[in-house]
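K.L.:
Right, I'll just put the structure down here and ask away after.
The values are calculated or read from the model by the stated rules, or taken from the named source; none is laboratory data. All figures in this text were calculated on a predicted structure; none of them were measured in a lab. Please note: Cβ atoms are built from the backbone with ideal geometry, for glycine as well, and neighbour counts cover all protein chains shown.
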Amino acid sequence: MEYEAVIGLEVHAQLLTDSKIFCGCSTKFGGEPNTQTCPVCLGMPGVLPVLNRKVVEYALRTAVALNCAIAEKSVFARKNYFYPDLPKGYQISMFERPLAEHGWIELELAGGKKRIGITRIHMEEDAGKLVHSGEFARADYSYVDLNRTGVPLMEIVSEPDLRAPEEAAEYMRQLRSILVYLGVCDGNMQEGSLRCDANVSVMPKGSTKFGTRAELKNMNSFRNVQRALEYEIVRQKKVIESGGEVIQETRLWDDEMGKTGGMRGKEDAHDYRYLPDPDLIPLKVDEDWIGQIRQSLPELPGRKKGRFVLQYNIPEYDAGVLTQDQGLAEYFEAVIKAGAASKWASNWMMGELMRELNEQNKSAGDCPVKPEELAGLYRLIEKGAISSKIAKNVFLEMFRNGKSAEQVVREQGLTQVSDDSVIRKMIEEAIAENPKQLAEYLSGKDKMSGFFVGQVMKKSQGKANPQMVNQILAEALKKLKEGK
């Protein structure tokens, strides 16, 4: 029997506010354990939470960008469960009346576009963190760091519209890109700023009845989201085909082992005993505020991609790569503004620039080669001062030592040779030094002309103008063949 997967994602995005959702404590990552806390986020008796307006603004920005309907009135609720890093014994979240619902995001897939529904967006506070090893823990102890308690989160829940692990990974990429463009989340999955839980089940192909789902946790990269889902889909198929039943449970992804493992039975909503938080009044958002937010939204990746294709006449694939990251898109436009041709800028950035950035683990914003300097490299190539091949070496020197293209060319004597007489002399020498290869060419092996081009470039140490070499060499070989 053929099966198909049914996948829905629950994405938690940490919002880029300076203070927590219900108190004034810092949200800065990496502080000394338990130094960014106060009676409010620790849930001490007699304290009252006060909602951070910036958290609401960021959640509204996301809701508008994801085409959601925003509720006239939403309600904070207490989600009750016991865990060592949850000091209050409950988490302030939203349940029956979330901030926004019924949105969508459009994916660009190999087979075309696919719309994935957004079930809901709501705000909540984060829990703390258990430290099981490292500087602060011994083998027989675990420690609690409550710095993260109360840090604002936005949960974005998708409809179960995804049907393949690759779709889920692409959904995460595009959602992350939108959140970063909006300026509401830094998208750092390694630090936990963007976290994903996946609900996955399998059903017979063509069926409309979903199977029993498992929830997957502990996935901190797009690659791991895809790998975990691939493993879990195969596992569930094997369970069914062997006559067993998939149980509803929470499973952890083990990156090193490359498989999922059971953690606990999957809770239902009633297990959390949700109730409206008595310390927080219902949240009402007026239309004027929503309108202001709608007007303030930046150009988002999908729209920017379409503009790049039309305005700069580059392929859709190139535009997709360049707009996936906001910093890269801004860098690209700055290079063009500084005078480079759009197609050259696109090719160079997707090749030489991104390779170096990836190797050095840098973003476009950290690139040591400024956009105007890259445009300067283009101008040297365009006016024939250096060849494209030499330009690659010049760029490496620019990237690693922060020099301008002109400075590198001047210091290393890399100016392209475009003197007609000099090139003719090198061609004559190359022909005279290789009589065997000349005889082969004259006997009809036209491909041997490439050999002579290589010899001339070797003599010039790669500095000869390739276009002039090919033109003058062709003329010289033609004369020799006619006079044979």
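K.L.:
When G24 is evaluated against the numbered criteria (1) modelled with pLDDT of 95 or more; (2) over 23 Å from N147 (Cβ atoms); (3) surrounded by fewer than 20 Cβ atoms within 10 Å (Cβ to Cβ); (4) not aromatic (F, W, Y), which criterion, by number, is the only one it fails?
P.N.:
For G24, the failing item is (2).
K.L.:
Within the stretch 209-227, restricting attention to residues that are assigned to a loop (DSSP other than H, G, I, E, B) and either of a type in the set (S, T, N, Q) or in contact with a Leu (Cβ under 6 Å, 6 or more places away or on another chain) (or both), which residue is modelled with the lowest pLDDT?
P.N.:
Going residue by residue through the stretch 209-227, those that are assigned to a loop (DSSP other than H, G, I, E, B) are 209-213, 220-221.
Narrowing further to those that are either of a type in the set (S, T, N, Q) or in contact with a Leu (Cβ under 6 Å, 6 or more places away or on another chain) (or both): 212, 220-221.
On the way: T212: 93, N220: 85, S221: 91.
That would be N220.
K.L.:
Can we say Y312 is touching a residue at least 12 places away in the same chain (Cβ under 8 Å), among the hydroxyl-bearing types (S, T, Y) and touching a strand residue (DSSP E or B) at 6+ places or on another chain (Cβ under 9 Å)?
P.N.:
On the way: touching a residue at least 12 places away in the same chain (Cβ under 8 Å): yes; among the hydroxyl-bearing types (S, T, Y): yes; touching a strand residue (DSSP E or B) at 6+ places or on another chain (Cβ under 9 Å): no.
No; evaluated as a whole, the condition is false for this residue.
K.L.:
May I pose another question? If you check W348 against the conditions, is it among the aromatic types (F, W, Y) and surrounded by fewer than 18 Cβ atoms within 10 Å (Cβ to Cβ)? Let's see the steps before the verdict.
P.N.:
Values: among the aromatic types (F, W, Y): yes; surrounded by fewer than 18 Cβ atoms within 10 Å (Cβ to Cβ): no.
In short, no.
K.L.:
Ok, one more. Only residues in the stretch 457-482 that are within 17 Å of A391 (Cβ to Cβ) and assigned by TED's automatic domain parsing to the domain that holds A385 count as the first member; pair them with residues that are β-branched (V, I, T) and modelled with pLDDT of 80 or more, Cβ under 8 angstrom, at least 6 apart or cross-chain, and list the lot.
P.N.:
Taking only residues 6 or more apart or on different chains, not a single pair turns up.
K.L.:
If you don't mind, another one. With respect to R78, determine if the residue is touching a residue at least 40 places away in the same chain (Cβ under 8 Å), closer than 15 Å to D279 by Cα and among the charged types (D, E, K, R). Spell out how you get there, then give the answer.
P.N.:
Working: touching a residue at least 40 places away in the same chain (Cβ under 8 Å): yes; closer than 15 Å to D279 by Cα: yes; among the charged types (D, E, K, R): yes.
Yes.
K.L.:
Shifting gears a bit: Which condition does I390 not pass, out of (1) under 25 Å from P315 (Cβ atoms); (2) out of contact with any helix residue (DSSP H, G or I) (no Cβ under 6 Å at 6 or more places or on another chain); (3) touching a residue at least 24 places away in the same chain (Cβ under 8 Å), if it passes all the others?
P.N.:
Only one criterion in (1) under 25 Å from P315 (Cβ atoms); (2) out of contact with any helix residue (DSSP H, G or I) (no Cβ under 6 Å at 6 or more places or on another chain); (3) touching a residue at least 24 places away in the same chain (Cβ under 8 Å) is unmet by I390, namely (1).
K.L.:
Can you say whether G211 is on the phi > 0 side of the Ramachandran plot and of a type outside the set (D, E), as far as the supplied structure shows? Let's see the steps before the verdict.
P.N.:
On the way: on the phi > 0 side of the Ramachandran plot: no; of a type outside the set (D, E): yes.
Spelling it out, it is not the case that G211 is on the phi > 0 side of the Ramachandran plot and of a type outside the set (D, E).
K.L.:
Just to be sure I understand the filter: pairs with C-beta atoms under 9 Å, separated by 6 or more residues or on different chains, first member in the stretch 262-284 and assigned by TED's automatic domain parsing to the domain that holds F22, second member at pLDDT below 85. Which pairs pass?
P.N.:
So the pair list comes out as M263/N218.
K.L.:
Within the stretch 31-39, is even one residue surrounded by fewer than 20 Cβ atoms within 10 Å (Cβ to Cβ) and either touching a Leu at 6+ places or on another chain (Cβ under 6 Å) or outside the structural domain of N199 (by TED's automatic domain parsing) (or both)?
P.N.:
Of the residues in the stretch 31-39, the ones surrounded by fewer than 20 Cβ atoms within 10 Å (Cβ to Cβ) are 31-35, 38-39.
Cutting the leftovers down to either touching a Leu at 6+ places or on another chain (Cβ under 6 Å) or outside the structural domain of N199 (by TED's automatic domain parsing) (or both) gives us 34.
Within the stretch 31-39, one or more residues are surrounded by fewer than 20 Cβ atoms within 10 Å (Cβ to Cβ) and either touching a Leu at 6+ places or on another chain (Cβ under 6 Å) or outside the structural domain of N199 (by TED's automatic domain parsing) (or both).
K.L.:
Still on this model: Kindly establish whether G117 is surrounded by fewer than 23 Cβ atoms within 10 Å (Cβ to Cβ) and either within 25 Å of E170 (Cα to Cα) or assigned by TED's automatic domain parsing to the domain that holds K305 (or both).
P.N.:
On the way: surrounded by fewer than 23 Cβ atoms within 10 Å (Cβ to Cβ): yes; either within 25 Å of E170 (Cα to Cα) or assigned by TED's automatic domain parsing to the domain that holds K305 (or both): yes.
So G117 fits the description; yes.
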